[in-house]
1. Counting other Cβ atoms within 10 Å of each Cβ, which GluC sites (Glu not before Pro) in the stretch 1-70 have at most 11 and sit in a DSSP loop?
2. Over the chain, what per residue volume does the convex hull of the Cα atoms give, in whole Å³?
3. Please arrange Phe37, Phe47 by accessible surface area, largest first, computed with a 1.4 Å probe and ligands excluded.
4. What number, in percent, do you get for the relative contact order of the chain if the mean sequence gap of Cα pairs under 8 Å and at least 6 apart is divided by its residue count?
5. Rounding to the nearest 20 debye, state how big the charge dipole of the chain is about its Cα centre with +1 on each Lys and Arg Cβ and -1 on each Asp and Glu Cβ.
6. Calculate, in nm to one decimal, what Ala72 and Asn108 gain on full extension: separation in residues at 0.36 nm each, minus their alpha carbon distance.
7. If I model a spin label as a point 7 Å beyond the Cα along the Cα-Cβ vector, how far apart are those points for Ser7 and Lys84 in nm?
8. With labels modelled as points extended 7 Å from the Cα through the Cβ direction, what inter-label distance (nm, one decimal) is found for Trp99 paired with Ser123?
Amino acid sequence: QVQLVESGGGLVQAGGSLRLSCAAPVRTFSDYVVAWFRQTPGKEREFLAAIRRNTYYADSVKGRFTISRDNAKNTVYLQMNSLKPEDTAVYYCAAERTWDTSRYYNANWYDYWGQGTQVTVSS
């Protein structure tokens, strides 16, 4: 079992930035594909970005969000810039030990999830 711990959410004004962190006390965390999703009430979880050896982004956040990882700290980050009110959601990180280029954007594929962190962008 892999426990993912998210942090970094909060309230920010439109145009501002936040950096989310996803940490896991797993020695081999660098081997996992880690992704960020977000969810608003009544909607399915939306894929944002994933990282393994390469990075992958949803079109909706490309150019504004950046996913990165620090393997020495077993942590994956999501840097979010130029935030908009429609970015308001609960943000989740997810991890998966295997790799599949056709499934990394599918929330159902991931075995491990964090507890979620609220991001609120005010207008």
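The values are calculated or read from the model by the stated rules, or taken from the named source; none is laboratory data. Treat the numbers as computed from the prediction; the structure is a model and nothing was measured. Here Cβ is always computed from backbone atoms with ideal geometry, including for glycine, and neighbour counts include all displayed protein chains. What goes into the accessible areas is simple: the full protein's heavy atoms, side chains included, and nothing from ligands, DNA or RNA. Shrake-Rupley method; radii C 1.70, N 1.55, O 1.52, S 1.80 Å.
1. Qualifying residues, ordered by number: Glu44.
2. 97 Å³
3. If we order Phe37, Phe47 from most to least accessible, we get Phe47, Phe37.
4. On the way: 292 pairs, mean separation 44.8, N = 123.
Normalised by residue count, the contact order of the chain is 36 percent.
5. Numbers: 14 positive and 11 negative charges, 50 e Å.
It works out to roughly 240 debye.
6. Gain on stretching Ala72 to Asn108: 10.1 nm.
7. Going from the Ser7 label point to the Lys84 one covers 3.1 nm.
8. 4.2 nm
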